[in-house]
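Written below as structure tokens is the structure these notes are about.
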Amino acid sequence: MSRTDAFRAPKGVHDVLPPESGQWEEIVAVFAARARRYGYGLAITPIFEHREVFERVGEHTDVVSKEMYELTDKGGRRLALRPEGTASVVRAYVQHRPVPPWKVWYVAPNFRYERAQKGRYRQHWQLGVEALGVDDPDVDVEVIALLAGFYDDLGLRGSRLLLNSMGDAEALPAYVEALRSHFEPHGAELGEEFRARVAANPLRVLDAKVEAWQDVIDSAPQLIEHLSDPAAAHFEAVQEGLRDLGIHFELAPRLVRGFDYYTSTTFEFQTDALEAAQSAVGGGGRYDGLAEQMGGPPTAGIGFGTGLERIVLALDALGSGRAGPRSEVFVVDGLGGEGGTTVGSLVETLRRDGFAVDRAYGRRSVKAQWKAADRSGAPVAVMLGRDEVARDAVAVKDLGTGEQVEVPRHGLVAWLVARKDRREP
Ligand code: HAM
């Protein structure tokens, strides 16, 4: 690798920097506020775990068997960078045994060695929630409503909610066997990769994007026809709950999602604002057997993850991208650097009073500072010149209209608050 390449971010990962990062701040704040309203507390889990947390027994998905970033540390421990959030949160639940129901949210980077392209990265960020310890269909509805409402908050219009049920622990093996019998006769014609998936887990054929397999996938038996009575009743209750809340959904019998831990309700939000292969903006489902697979007590669980990069791409495509927080006031030093700490203390006072304040540094000309004020995006500039100091006042300029007024220094905060109130009723 050349020296220049070594000092660039590796393929498939990226920096998130101002001003774009302002939009990230906004999105995370909107999610945090919504999660709090639904009773979810923040969970922060480590970026790496023992590999077993993700591998467990029988996790045959691409994410875990092919795409995981594996490492061995200097103590010989077999670790993996987190490819997704659910297994880490369930590991934390099993380890700490909090009193259920346990409802948490997270914002975290995940790592998958994927073919990097727009909307698909080797490090991506997810906002998500997990609710453990309750199998009530009301929780399924709550989790889906939280995500649907979050997209509404952001103005992410036009996403479709796809809904399916994977059945319960009794029904699923029978369905998997029915699928296997359906696929096996096509093994010779469809090749090695097909045969391997059928042998390991035929569900992983259903979500394959291989053109040549589509006919046998289309004619395969449907999960929904194999639901046990309790699983069918649970699924019906979830649909009823969503209808009650006016949340529109489509039944999607082929939706199996990319992890083997799913049982019962699964769902995905897809949007046309993203390219087809990356159209899933968020998804999740139940995983009622996962805690037990990690040595914990039988524990119901449900959650979702939604990709931050994909949200930003979709909002941009829809023209609903939000500007992040900007400075509210820009302070211009009209004293030519002779005012000692006068300007510095004005800036600090305003910041202590709760305003987001920026300024120019060094002895820059007043003209250059006005230019910087315009570039800053702040709606108001406050200028302190010799005349103003003499009158114990400041000059305040509306950077939108160019209008300028003089305000007594002791009345500045009240003036700024009144202006803000006028703009944000
Ligand atoms: P997932 O469907 O693999 O589910 O990922 C959730 C979301 O993360 C996707 O819908 C997508 O928006 C985003 N995403 C996934 N991979 C990438 C990538 N390579 N680049 C950019 N964005 C990506 C999970 O991870 C489950 N843990 C969700 C869950 C939570 N299920 C239950 N609880």
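Any residue at all in the stretch 153-160 that is among the hydroxyl-bearing types (Ser, Thr, Tyr), within 25 Å of residue 214 (Cβ to Cβ) and open to solvent by less than 20 Å² (accessible area, probe 1.4 Å)? Give the derivation first.
Filtering the stretch 153-160 down to residues among the hydroxyl-bearing types (Ser, Thr, Tyr) leaves 159.
Retained after the next criterion (residues that are within 25 Å of residue 214 (Cβ to Cβ)): 159.
From the residues that got through so far, the ones that are open to solvent by less than 20 Å² (accessible area, probe 1.4 Å) too are none.
Within the stretch 153-160, not a single residue is among the hydroxyl-bearing types (Ser, Thr, Tyr), within 25 Å of residue 214 (Cβ to Cβ) and open to solvent by less than 20 Å² (accessible area, probe 1.4 Å).
Applying the selection to the stretch 222-246, what residues are more than 25 Å from residue 177 (Cβ to Cβ) and either touching a His at 6+ places or on another chain (Cβ under 9 Å) or open to solvent by less than 30 Å² (accessible area, probe 1.4 Å) (or both)?
238, 239, 241, 242
Take the residues of the stretch 198-218 that are free of Cβ contacts under 8 Å to residues at least 40 places away in the same chain and open to solvent by 20 Å² or more (accessible area, probe 1.4 Å): which is farthest from residue 256 (Cα to Cα)?
212
Starting from the stretch 237-261, take each residue that is within 16 Å of the ligand (Cβ to nearest atom) and list its partners that are of a type in the set (D, E, K, R) and not in a helix (DSSP H, G or I), counting only C-beta distances under 7 angstrom and pairs at least six apart or across chains.
255/268; 256/207; 257/268; 258/207; 260/59
Looking only at the stretch 303-314, decide whether some residue is open to solvent by 20 Å² or more (accessible area, probe 1.4 Å), more than 8 Å from the ligand (Cβ to nearest atom), within 28 Å of residue 157 (Cβ to Cβ) and of a type in the set (Gly, Ala, Ser).
Step one: list which residues in the stretch 303-314 are open to solvent by 20 Å² or more (accessible area, probe 1.4 Å), which gives 310, 312-313.
Cutting the leftovers down to more than 8 Å from the ligand (Cβ to nearest atom) gives us 312-313.
If we keep only those that are within 28 Å of residue 157 (Cβ to Cβ) as well, we get 312-313.
Okay, now just the ones that are also of a type in the set (Gly, Ala, Ser), so none.
Looking for residues that are open to solvent by 20 Å² or more (accessible area, probe 1.4 Å), more than 8 Å from the ligand (Cβ to nearest atom), within 28 Å of residue 157 (Cβ to Cβ) and of a type in the set (Gly, Ala, Ser), one finds none in the stretch 303-314, hence no.
I'd like to check which strands (runs of 3 or more DSSP E) are fully inside the stretch 76-177 and have at least 2 residues that are under 26 Å from residue 29 (Cβ atoms). It would help to see each step written out before you state the result.
On the way: elements: 78-81, 102-111, 123-132, 159-165.
Passing ranges, in order: 102-111, 123-132, 159-165.
Out of (1) more than 14 Å from residue 286 (Cα to Cα); (2) in contact with a Phe, Trp or Tyr (Cβ under 7 Å, 6 or more places away or on another chain), the odd one out for residue 143 is which?
(1)
For the stretch 350-369, which residues satisfy the criterion of being within 22 Å of residue 420 (Cβ to Cβ), in contact (Cβ under 8 Å) with a residue 24 or more places away in the chain and out of contact with any Phe, Trp or Tyr (no Cβ under 6 Å at 6 or more places or on another chain)?
Result: 350, 353, 355, 356, 357, 359.
Yes or no: residue 114 within 9 Å of the ligand (Cβ to nearest atom), buried (at least 19 other Cβ atoms within 10 Å of the Cβ) and among the acidic types (Asp, Glu)? Reasoning before the result, please.
Details: within 9 Å of the ligand (Cβ to nearest atom): yes; buried (at least 19 other Cβ atoms within 10 Å of the Cβ): no; among the acidic types (Asp, Glu): yes.
No; evaluated as a whole, the condition is false for this residue.
The values are calculated or read from the model by the stated rules, or taken from the named source; none is laboratory data. Predicted model, so just to flag it, every value in this text is computed and none were measured. No Cβ is skipped: glycine too gets one built from the backbone with ideal geometry, and neighbour counts run over all protein chains shown. These area figures cover heavy atoms from the full protein model, side chains too; ligands, DNA and RNA do not enter into them. Shrake-Rupley method; radii C 1.70, N 1.55, O 1.52, S 1.80 Å.
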